[in-house]
Amino acid sequence: MNSEAWIKFYGDTPATLTYPERSMYEMILDSAAKYPDNKAYDFMGNTKTYKEFMKEITLCANALLAEGVKSGDRVTICLPNTPQAIIMLYAINKIGAVANMVHPLSAENEILFYLNVSESVLAITLTDFYKKFEAIEGQSKLKKVIVTKIGEALPPVKSFAYKFIGHERKVETSDKVITYKDFMANGKKYSGKMPDLPDSEDTAAILYSGGTTGTAKGILLSNRNFNALALQTIAASGCFKAGDIMLSAMPVFHGFGLGVCIHTMLLGGGMCALIPKVDVKEFAGHFKKYKPNYMAGVPTLFEAMMRSEGMQDIDLSSLKGVFSGGDSLSVSLKKKVDAFLKEHGAQIQVREGYGLTECVTASCLTPKDYYREGSIGVPFPDVFYKIVIPDTFDEAEAGELGEICISGPTLMTGYLNEPKETAKTLQIHNDGRTWLHTGDLGYMDEDGFIYFKQRLKRMIVTSGYNVYPSQIENVIDSHEAVMLSTVIGVKDDYRMQRIKAFIVLKPGFSASEELKAEIRALCEKNIAKYALPREYEFRDSLPKTLVGKVAYTVLEKEENEKASVQ
C-alpha cells in the first residue's frame, strides 16, 4: 500500500512523482542554474554559493581525469563531512566514476577490505588518518592517496589558527601520495576531454551495511536511487523550500547523511551546514550560528542533545523539520523530544522515518502534522510496502506481524560481488514487482500506517517464548527517570536466554536500588512474566556503532565473555 494513506494524510502532496533521467551531478547543476547565488554549503565560516561550488566540482573532475581516473573506476572517499568530501563526490559522479564511501574511523583491515572489494584506484583521506593507508600500502589496487586537511577548507584566519595550533599531522608526499592542494592544481592544467555524463541507472556510490549485525556488504546505489530519494524526501517533508538550511551532522558515508542531509538539500537549492564531528557540546553553538530549518539524526543523538547543559537555553524556533532514523525511536523518547522541541520554541514534532541503506535511507515518514503512537508513518510517493509472513510471499492481514518488504525507485541494484545475497534480498513476487526483503518485523494497520518492531535476528528466545526487545524497551523508557534503554538476551543453561536490560538515566536522576525496584515494578505491570528482564544494569552511556546506533552486539559480547570466565 502507498497512495491511499498518502493522499488521506498528506493532502495535496502528490502520491506519484516524475524522476528525470539524469545523474546526481546534473541534478545539482540544475539547482545551480536556478539558484546560482544561494549558499550551497557552509563549513566553519567557509561559505560557497552554488556557482562557486560548481566551479570547485569541475576543477576536481579535471584533477581526477589528470590522475587517470576513468568512467566506471571506483574512488574511495574516507572523510568526515567536509567540503572536500562533497566536492569529490560530485566530481567523481561528473566523470562517470563511482564513489566508494568509507568511514574514516574504520580500522586498517576494514579499510583494506573496502579498498579491495571495490577495487578502488584512488582514495582521499585526512592527513590524520593516512597512517592506516600507509600500513596497508601495496595490498590493494590503489594507485595513489590524496591527503587533505581540515584547515584547507577553512576561511584564511581560521586556517592560519588551525596550522598555528598544530592540529593536523604532516604527511610526506611521493609518487603514491599527493596533497589535495597539488591534486586540485593539476586540475587547472588538465586540457583533455570530459567524458560523457553517466546514465541515471549507472552506479553512483557504494555504501556499506552491517552496522550492528553481520558482515559488511557493499551496496550498489544508482543515480536514479539518490535522485528519487531526494525528490521523495522534499515532497514528503511538506515544508521544504530553496534557501533552507540543514544541520548536516549525519556522516556523508551513511545513506541518511548522504541521501537526506546532503543530496536532498543540494538538489532542492538548500544549504548544508557541514558538521565534521558530532559533539553535542558544540550543538548549542551550531544552532546559534546557523538557525537551521532542519535537523536529522539517530535517536541517541536526540537523547544526548536533551541531556546537554548547553542546549537548555537555545532557541529552536527556526526548525521546520526534525527527522529521526537509523534506529528505532521509542514512543517514550519521541514524547520527550517533542516536549523538548516545544519548550525551546519549535512548534513541530520529531518525525520518525524508516528505511535501509539497501533503499538509500528513508522510505516512509511520519506525516508533518499527524502521528499514530508507535508508527513510523506511511510510505513515500511511489514506494510500496507489504507485510509478508516470514519466508513466504504471502501477505499478512492488517495488524498481523510479519516481515517488512519494500518496492520502489530507490531499491539498490544489488550487493557488490554478492549475487546470492542479492537474490535473497531482492525478490520478484507474483505481482511482478521487485521487493526488498528487509529482515525487519513489523505490521501495517488498515489505513496503511507502518509499525516497525525490530530486526528478525534480534528476537530473544527464552523458555520457549519469542520475545521482542523493543517492546520491553518501550516500557522501561516510559519511566520518568529513564532516557534510554537496551535489552539483550544472555546465554542461560535453563532458559536458553535470559533477558537483561541496560539503562541510561536522565539528568537529575541517580542509580539506586529503589529506582531499580520502581522500574522492575513497571515492567511487571506491563510485560508478560516470561518476557521480564532478570537483570537491570544502570550505565552512564551505551556503546554506539560508527553511525550512532546502540551497538547491542557489543553488550551481548561483554555478557558472553563474563559468562565464559565464571
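The values are calculated or read from the model by the stated rules, or taken from the named source; none is laboratory data. Everything numeric here is computed off the predicted structure, so don't read it as measured data. Cβ: placed from backbone, ideal geometry, glycine included. Neighbour counts: every protein chain shown. We work out accessible area using only protein heavy atoms, side chains counted, and drop any ligands, DNA or RNA first. Shrake-Rupley method; radii C 1.70, N 1.55, O 1.52, S 1.80 Å.
Can you pull out the helices (runs of 4 or more DSSP H) entirely within the range 102-200 that have at least 2 residues that are acidic (Asp, Glu), modelled with pLDDT under 95 and over 20 Å from Leu274 (Cβ atoms)? Steps first, please.
Working: elements: 108-118, 130-135, 156-165, 180-189.
Counting at least 2 such residues, we get 108-118.
Tell me, please, whether a residue that is of a type in the set (Ser, Thr, Tyr), crowded, with 19+ Cβ neighbours inside 10 Å and more than 22 Å from Ile376 (Cβ to Cβ) can be found in the range 174-196. Don't jump to the end; show me each part of the working.
Here is the first cut: in the range 174-196, the ones of a type in the set (Ser, Thr, Tyr) are 174, 179-180, 190-191.
Then drop every residue that is not crowded, with 19+ Cβ neighbours inside 10 Å, which leaves 180.
Still in the list and also more than 22 Å from Ile376 (Cβ to Cβ): 180.
For the range 174-196, residues of a type in the set (Ser, Thr, Tyr), crowded, with 19+ Cβ neighbours inside 10 Å and more than 22 Å from Ile376 (Cβ to Cβ): present.
Among the residues of the range 59-85, those that are without any contact (Cβ under 8 Å) to a residue 60 or more places away in the chain and either in a loop (DSSP other than H, G, I, E, B) or surrounded by fewer than 23 Cβ atoms within 10 Å (Cβ to Cβ) (or both) comprise Val69, Gly72, Asp73. One residue stands out in the range 86-109 among those that are farther than 26 Å from Ser200 by Cβ and under 19 Å from the mean Cα position of the chain (by Cα): the one that is most open to solvent (accessible area, probe 1.4 Å), namely Leu105. Per this entry, Glu373 is counted among residues that are open to solvent by 50 Å² or more (accessible area, probe 1.4 Å) and under 17 Å from Ile450 (Cα atoms). Scan the range 133-151 for residues that are within 22 Å of Pro83 (Cβ to Cβ) and surrounded by fewer than 20 Cβ atoms within 10 Å (Cβ to Cβ) and the total you get is 2. In the range 532-559, the residues that are over 21 Å from Ser106 (Cα atoms) form Cβ pairs under 6 Å with partners that are surrounded by fewer than 18 Cβ atoms within 10 Å (Cβ to Cβ), at six or more places apart or across chains, as follows: Tyr536/Lys516; Phe538/Ala511. Taking (1) free of Cβ contacts under 8 Å to residues at least 40 places away in the same chain; (2) at negative phi in turn, Gly345 satisfies each apart from (2).
Quick one: in the range 28-44, which of the residues that are outside any strand (DSSP E or B) and open to solvent by less than 40 Å² (accessible area, probe 1.4 Å) is nearest to Leu197 (Cα to Cα)?
First pass over the range 28-44, keeping only residues outside any strand (DSSP E or B): 28-38, 44.
Next, only the ones that are open to solvent by less than 40 Å² (accessible area, probe 1.4 Å) stay: 28, 31-32.
Values: Ile28: 13, Ser31: 17, Ala32: 17 Å.
That would be Ile28.
The set of residues in the range 489-537 that are among the basic types (Lys, Arg), open to solvent by 50 Å² or more (accessible area, probe 1.4 Å) and touching a strand residue (DSSP E or B) at 6+ places or on another chain (Cβ under 7 Å) comprises Lys491, Arg495, Arg498, Lys506, Arg520, Arg534.
Out of Glu395, Glu400, I need the residue that is in contact (Cβ under 8 Å) with a residue 24 or more places away in the chain and acidic (Asp, Glu). Which one?
Working: Glu395 fails: in contact (Cβ under 8 Å) with a residue 24 or more places away in the chain.
When all the criteria are applied, what remains is Glu400.
Looking at the range 502-531 only, could you name the residues that are charged (D, E, K, R) and touching a residue at least 24 places away in the same chain (Cβ under 8 Å)? Within the range 502-531, Lys506, Glu518 qualify. Of everything listed in (1) surrounded by fewer than 18 Cβ atoms within 10 Å (Cβ to Cβ); (2) aliphatic (A, V, I, L, M); (3) modelled with pLDDT under 95, the single unmet condition for Leu441 is (1). Is there a residue being in contact with a strand residue (DSSP E or B) (Cβ under 9 Å, 6 or more places away or on another chain), within 30 Å of Val487 (Cα to Cα) and surrounded by 24 or more Cβ atoms within 10 Å (Cβ to Cβ) anywhere in the range 264-287? No, the range 264-287 contains no residue that is in contact with a strand residue (DSSP E or B) (Cβ under 9 Å, 6 or more places away or on another chain), within 30 Å of Val487 (Cα to Cα) and surrounded by 24 or more Cβ atoms within 10 Å (Cβ to Cβ). When Gly321, Gly414, Gly325 are checked against the criterion of being in contact with a Ser or Thr (Cβ under 8 Å, 6 or more places away or on another chain), more than 26 Å from Phe302 (Cβ to Cβ) and among the small types (Gly, Ala, Ser), Gly414 stands alone in meeting it. The set of residues in the range 465-483 being at pLDDT 90 or above and in a strand (DSSP E or B) consists of Val482, Met483.
Between Ile476, Ile406, Ile450, Ile428, the distinction of being open to solvent by less than 20 Å² (accessible area, probe 1.4 Å), hydrophobic (A, V, I, L, M, F, W, C) and more than 25 Å from the chain's Cα centre (by Cα) belongs to Ile476 only.
Condition first: more than 24 Å from the chain's Cα centre (by Cα) and free of Cβ contacts under 8 Å to residues at least 24 places away in the same chain. Can you find one or more residues in the range 36-46 that meet it? Can you show your working first?
First, the residues of the range 36-46 that are more than 24 Å from the chain's Cα centre (by Cα): 36-38, 45-46.
Cutting the leftovers down to free of Cβ contacts under 8 Å to residues at least 24 places away in the same chain gives us 36-37.
So far as the range 36-46 goes, yes, one or more of its residues are more than 24 Å from the chain's Cα centre (by Cα) and free of Cβ contacts under 8 Å to residues at least 24 places away in the same chain.
Could you name every one of the strands (runs of 3 or more DSSP E) located completely within the range 407-464 that has at least 3 residues being of a type in the set (Gly, Ala, Ser) and farther than 27 Å from Ile488 by Cα? Give the derivation first.
Details: elements: 426-428, 434-444, 450-455, 460-462.
So the answer is none; nothing clears 3.
The one condition from (1) under 24 Å from Lys288 (Cβ atoms); (2) assigned to a helix (DSSP H, G or I); (3) open to solvent by 30 Å² or more (accessible area, probe 1.4 Å) that Val337 does not meet is (3).
A quick yes/no check of all residues on (1) modelled with pLDDT of 95 or more; (2) surrounded by 22 or more Cβ atoms within 10 Å (Cβ to Cβ); (3) assigned to a helix (DSSP H, G or I); (4) acidic (Asp, Glu):
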position	(1), (2), (3), (4)
Ala216	no, no, no, no
Ile219	yes, yes, no, no
Arg224	yes, yes, yes, no
Gln232	yes, yes, yes, no
Cys239	no, no, no, no
Met246	yes, yes, no, no
Val252	yes, yes, no, no
Val260	yes, yes, yes, no
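Pairs needed: first member in the range 304-331, among the acidic types (Asp, Glu); second member anywhere, at pLDDT below 90 and not in a helix (DSSP H, G or I); C-beta distance under 7 Å; at least 6 residues apart or different chains. So the pair list comes out as Asp327/Val298; Asp327/Lys549; Asp327/Val550.
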